[in-house]
Amino acid sequence: MMDGNNKNRRQQESDESSSYDFLKETIKPKPVSKKQVRAQILKTAICGFVFGIFACGGFYALKPWVDDTAGKDMQEVTIPEDDADTSLNETVGETGAQAASPELTADSYRTIMQSMYQTADEAEQSVVSVCVAEEDDEIPDKSGNQETMSGLITADNGRELLILVDNKICSRGSSWTVTFCDKSEYSAILKKQDENRGLAVFSVNRSEITEGTWSAIKTAKLGNSYSVSRGDVVIALGNMFGYSGGVGYGIVSSTEYDEVFSDGKCDVIATDIASVVGGTGFLFNQKGEMVGMIRDGLWEDAKSTTANALAISDLKSVLELLLNGESVPYVGVHGLTITAEISEQQDIPTGMYVTKVGTDSPAMAAGIQNGDILQKIDDTDITGTSTYEKAVLACSKGQNVKIQGKRRGLDGYVDVEFTVTVGSQE
């Protein structure tokens, strides 16, 4: 009987356990208060703010690098060549000369000078000063215009402002500073130079230039120096007087002379504007266009010092190479043009007569000698110094070119041919 009762009790307990199997234990979350919600929102906002600060800081820190590597594409600088035919300008000048000249009074003179000063003031926005930032220990201290040279904002390639300056500044240090017309100073890098013609181009990173400086400066306009003639009024800007920021007015006294370099030459614009020894600067016409680069010592035997300049039109092809960071081709030959008339009179072939071969130059290495007459560079005919210079500038550094010509022998002139490896003076 007892066993039956136990069995019934165990069966009942088992049935009760089965009837409660569907019940699950549920843990309710603690209720969230409004204070906790506000705290969570504040925490999220603070984290977002801190992340934003670091993101902005990283962006501005990397911006110069991004501008340099993945920013604006660097644009090629092009400088159109000028037309050397000035017959149209001469005709206009003659027509103007026949017209009655207006009477010059004190008021009209004052108006003229104010107009000249306004032109000079606008042109000066493109003139800068370039100086050595760190002098080498072996170079003695120098003063005045020996430390500072005038430069010209000549082009903007999208990443850099490119500044033309006399290359004498390159040998005086290893780092340089450019001072713009608003007195702001920036580090400059030597982009390229041509020691043969004494030209150098420095660059200033556009991303470093402030908005204030941008509003104060401008890129210079390059004029046609072939149209400059004796008696024209010109403006000299730069370091002609031994200090930066100088301005002078005068007239062109002569355009009949030139400066000879290896593989070319350049017209000289002579003026009556006074200049100190070592003075540098730029000549501008009455339109505010730069027509000449003032260079000291163009005539070493001159008894007085005036601001004389290399005519810009004869330098534009070389300047375009330098502005694009390309080497200026160099062969190392001075010469004279043998025209058909001279050829007939002297019984010598036409072409370019070699008067001098540079020491250790590519021309000397190839065997070119004084007295040779050069007539062809590859497929380009050489009729004189002008065509020879253009043919050389069309080459590239390291290129092997064939130069054909004539050399006087015992029985007259004979054909000669040279293989020249074009170099560069940098």
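The values are calculated or read from the model by the stated rules, or taken from the named source; none is laboratory data. Keep in mind that this is a model prediction, so the values were computed, not measured. Neighbour counts are summed over all protein chains in view; Cβ atoms, including those assigned to glycine, are modelled from backbone coordinates with ideal geometry. Ligands, DNA and RNA are excluded from the accessible area calculation, which covers all protein heavy atoms including side chains. Shrake-Rupley method; radii C 1.70, N 1.55, O 1.52, S 1.80 Å.
Our estimate of slack between Lys402 and Thr111, defined as 0.36 nm per intervening residue step minus the Cα-Cα distance, is 98.9 nm. Using 0.36 nm per residue and subtracting the Cα-Cα separation, the extra length available between Ile251 and Ala84 on full extension is 58.0 nm. The mean accessible area for residues of the range 218-328, using a 1.4 Å probe and ignoring ligands and nucleic acids, is 40 Å² per residue.
The modelled label-to-label distance for the pair Met74/Trp214, using points 7 Å beyond Cα in the direction of Cβ, is 2.1 nm.
Given the C-alpha centroids of the range 395-426 and the range 323-341, what is the distance between them in whole angstrom? Comparing the Cα centres of the range 395-426 and the range 323-341, I get a distance of 12 Å.
Given +1 at the Cβ of Lys and Arg, -1 at the Cβ of Asp and Glu and no other charges, the dipole of the range 182-313 around its Cα centre is 340 debye to the nearest 20.
Full extension of the chain between Gln118 and Leu410 yields a length gain of 98.5 nm, computed as 0.36 nm times the residue separation minus the alpha carbon distance.
The Cα center of the range 239-263 and the Cα center of the range 157-228 differ in position by 19 Å. Computed from the C-beta positions of Thr339 and Lys316 and an R0 of 22 Å, the FRET efficiency is 0.30 to the nearest 0.05. Students often get this wrong, so check it: of Lys316/Lys376; Lys356/Lys390; Lys221/Lys316; Lys192/Lys390; Lys316/Lys390, which have C-alpha atoms separated by over 22 Å? With Cα atoms farther than 22 Å apart: Lys316/Lys376.
As a fraction of the 1.4 Å probe accessible area of the range 239-348, surface on carbon and sulfur atoms comes out at 46 percent. Restricting the range 291-363 to GluC sites (Glu not before Pro) that sit in a DSSP loop and have at most 16 other Cβ atoms within 10 Å of their own Cβ leaves Glu300, Glu326. The simple spin-label model puts a point 7 Å past each Cα toward its Cβ; for Asp156 and Asp381 those points are separated by 4.5 nm. Summary value for the range 123-259: 25 percent relative contact order, contacts being C-alpha pairs under 8 angstrom separated by 6+ residues. With each label modelled as a point 7 angstrom along the Cα→C-beta vector, the Ser229-Gln286 pair spans 1.3 nm.
Over the range 341-391, Cα pairs under 8 Å with separation of 6+ residues give a relative contact order of 34 percent.
Measuring nothing but how far apart in sequence close Cα pairs (under 8 Å, 6+ apart) lie, relative to its length, the range 214-335 scores a relative contact order of 26 percent.
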